[in-house]
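Remarks on the structure that follows.
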Amino acid sequence: MPALIVGNWKMNGLGEDIAEIAAMAGSGARGVWIAPPFTLIDRAVIVSAGAVKIGGQDCHANAKGAHTGCVSAAMLADLGAGFVIVGHSERRRDNGETDADVRAKAQAGQAAGLEVILCIGETRAQRDAGQTNAVLTSQLSGSLPDDAEALIIAYEPVWAIGTGLIPTLDDVAAAHAHIRQHLTAHFGPAGHGVRILYGGSVTPANAGELLGVADVGGVLVGGASLTAASLLAIAATAP
Ligand code: PGA
């Protein structure tokens, strides 16, 4: 499986920044996906012309209804989005999302025909207390959807996001192995087909070594995904 390079633009990007997505699409790079803010999805789908898969950073668990300010997975799919990120640690922290909420959103995303990137990861305090595997197990147990089809897991240590810090490559390998073990125990053989991404302070300088770690099927990139130059430099490191 060629590596997947997924950019999460978070709350960044105005109309003028669509040029970056157009440049990514025009580069011929494969396996590049971008989750711009909701406001840019429509335009991003148009300029990417299928060369870059466009997705949402979140969705509501319901398909429609009285939920002011929210966007459903069906609405994302209707815009031409192909995937949705659920359970990002910033949403867990800022919006109080629980594993049960994340599971409901993952189910909604799959039901709408989207690929779902489900984020998990430990805090610094949890890692220091030796709880990393227990936290990953607990998050997976509480948030995995019923179906392993169209499911991608992103391992994102919370303390590595936006900090410039990354785990050792051995720690990344250990976390991915632990996640894989859980996926195969949970889903059976289908668990082998679930891609696992690493996320947290990925840059052009460290992407190559991270993508070389066993069972790292790609990267989820925040800050370094905002320009085509930076994201394409990361994509160029893929084996
Ligand atoms: P970062 O963010 O690359 O800016 O650390 C990653 C993420 O939150 O997905």
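The values are calculated or read from the model by the stated rules, or taken from the named source; none is laboratory data. Being a predicted model, the structure only gives us computed values, none of them experimental. As a convention, Cβ positions derive from the backbone with ideal geometry for all residues, glycine included, and neighbour counts pool all protein chains shown. Accessible surface areas use protein heavy atoms only, side chains included; no ligands, DNA or RNA. Shrake-Rupley method; radii C 1.70, N 1.55, O 1.52, S 1.80 Å.
Of everything in region 101-134, what is under 21 Å from GLU149 (Cβ atoms), away from the ligand (no atom under 16 Å from the Cβ) and touching a helix residue (DSSP H, G or I) at 6+ places or on another chain (Cβ under 6 Å)? Give them in sequence order.
Scanning region 101-134 gives ARG103, ALA108, GLY109, ALA112, GLY113, LEU114.
Going through region 200-217 one residue at a time, which ones are outside any helix (DSSP H, G or I), more than 12 Å from the ligand (Cβ to nearest atom) and either of a type in the set (A, V, I, L, M) or under 19 Å from HIS182 (Cα atoms) (or both)?
Correct list: ALA205, VAL213, ALA214, ASP215, VAL216, GLY217.
Sort out which residues of region 143-199 are over 22 Å from PRO2 (Cα atoms), within 16 Å of the ligand (Cβ to nearest atom) and in contact with a strand residue (DSSP E or B) (Cβ under 9 Å, 6 or more places away or on another chain), and write them in order of number.
PRO157, ALA160, ILE161, ILE166, PRO167, listed by residue number.
Condition (residue is of a type in the set (Val, Ile, Thr), in contact with a strand residue (DSSP E or B) (Cβ under 9 Å, 6 or more places away or on another chain) and over 27 Å from PRO239 (Cβ atoms)) applied to region 49-65: is it met by at least one residue? Please lay out each step first, then the result.
Looking only at region 49-65, we keep the residues that are of a type in the set (Val, Ile, Thr), and these are 52, 54.
Then keep just the ones that are in contact with a strand residue (DSSP E or B) (Cβ under 9 Å, 6 or more places away or on another chain); that gives 52, 54.
If we keep only those that are over 27 Å from PRO239 (Cβ atoms) as well, we get none.
No - not one qualifying residue is present in region 49-65.
Working only within region 218-234, note down all residues that are in contact with a strand residue (DSSP E or B) (Cβ under 9 Å, 6 or more places away or on another chain), open to solvent by 20 Å² or more (accessible area, probe 1.4 Å) and more than 10 Å from the ligand (Cβ to nearest atom).
Of everything in region 218-234, those that are in contact with a strand residue (DSSP E or B) (Cβ under 9 Å, 6 or more places away or on another chain), open to solvent by 20 Å² or more (accessible area, probe 1.4 Å) and more than 10 Å from the ligand (Cβ to nearest atom) turn out to be SER230, LEU232.
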